[in-house]
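Just below is one structure, and these are the notes that go with it.
What follows draws every value from the coordinates through simple rules; no lab data is involved. Computed from a prediction, not measured in an experiment: that's the story for all the values here. Every residue, glycine among them, receives a Cβ derived from its backbone with ideal geometry; neighbour counts consider all protein chains shown.
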Amino acid sequence: MIFLLMSPTFQLFADKWDNKTEELKGKKILVFTKNGEGFVHDNLDANVNMLLRLGNKYGFTVDSTSNSAVFSTSDLFKYDAVVFANTNNKVFENEAEKEGLINFNRQGRGIIGIHIACGTEREWDWFKQMIGGTFDFHPPLQKFNVRVVDDRHPSTKDIPSAWEVEDELYILKEMNPTVRILMVSDFSSPGFKHSRPVPNTFGTVFPSVWCNEFDGGRQWFTALGHKKEDYSAPQFIRHIVGGLQWVLVKK
């Protein structure tokens, strides 16, 4: 199925997308880390610290919070992008906070989701469409290959065509069919261990990185990034920087 994703038909669809990047210097980024009731990853500090280091390196401002109340205030609109940094489960307290995020997105701002961000607000249809889908399950943490199917995007252009990672291979449901798939995880990798049957919707792969232009904004999501160590790995960091540079381009 990898070959189907890379077929001329797919390429024609991909041609409608741009690969523009925006200068990071002078931008303001909000890193949101709230987790609702349920499992909380131990990578939150590493995720935030990576973005703080990138801010120092590239000259952009990074604020981090686990307080969702910011989404119901005008303070939200001083930021150019919001990073859902391993947020999970129900994180918004009321409709005003949800409306704030919707309006932020509709103003053409950027939104990034990292790893279990796809498990955020699993009952909110708008969020699921915006982030690209919602978490279903994953096989055990193990090594597998992630394959680039679109090497023109800034988040994939420096990634090898087959990138071996040790991570959780996320399977999502209710995926938004309008996303631009950039990378896929390959569960036919040698020795891959399954905990339950995986869907064959995409053959022996499943989308793991994508971007979109949904409801006025630009979004980028990566399912990678389970381990704390990932946030100090140069290749993963370049991957994140490319996603950030892309979502910051105003529509």
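Structure notes:
- Helix 44-58 and the longest principal axis of the C-alpha atoms of the chain enclose an angle of approximately 70°.
- Placing a label point 7 Å from the Cα of residue 215 along the Cα-to-Cβ direction, the residues of segment 44-72 with a backbone N closer than 17 Å are 71-72.
- The HN-Hα couplings worked out from phi for segment 31-42 by the Karplus form 6.51 cos²θ - 1.76 cosθ + 1.60 (θ = phi - 60°) are 9, 9, 10, 5, 10, x, 5, x, 5, 10, 5, 8 Hz, whole numbers, x standing for Gly and Pro.
- Proximity of backbone amide H atoms, modeled 1.01 Å from N, is registered between residue 31 and 63, 64, 65, 83 at under 5 Å, excluding neighbours fewer than 5 places apart on the same chain.
- For the chain, adding -39500 (n - 2.57) for each run of n ≥ 4 DSSP H residues and dividing by the number of residues yields -7000 deg cm²/dmol at 222 nm.
- When DSSP beta bridges are restricted to pairs lying wholly in segment 2-247, around 55% turn out antiparallel.
- FRET efficiency for residue 249 and residue 157, using Cβ-Cβ distance with R0 set to 22 Å, rounded to 0.05: 0.90
- Greater than 28 Å apart at Cα, pairs in 57/128; 34/193; 57/173; 34/173; 78/227; 16/157: 57/128; 34/193; 57/173; 78/227
- Here, the chain yields an orientationally averaged convex hull projection of 12.1 nm² when only Cα atoms define the hull.
- Highest-fluctuation residue, 154, 197, 139 considered, GNM on the chain with Cα pairs under 10 Å: 197
- Nearest 10 degrees, 0 to 90: helix 234-247 Cα axis against the chain principal axis: 60 degrees
- Taking each residue as 0.36 nm, the span from residue 196 to residue 57 lengthens on full extension beyond its C-alpha to C-alpha distance by 45.8 nm.
- Prolate/oblate/rounded label for segment 129-218 (Cα gyration tensor, a/c 1.5): oblate
- Mean Cβ count within 10 Å, highest first, over the residues of peptides 176-182, 56-62, 123-129, 216-222: 216-222, 176-182, 123-129, 56-62
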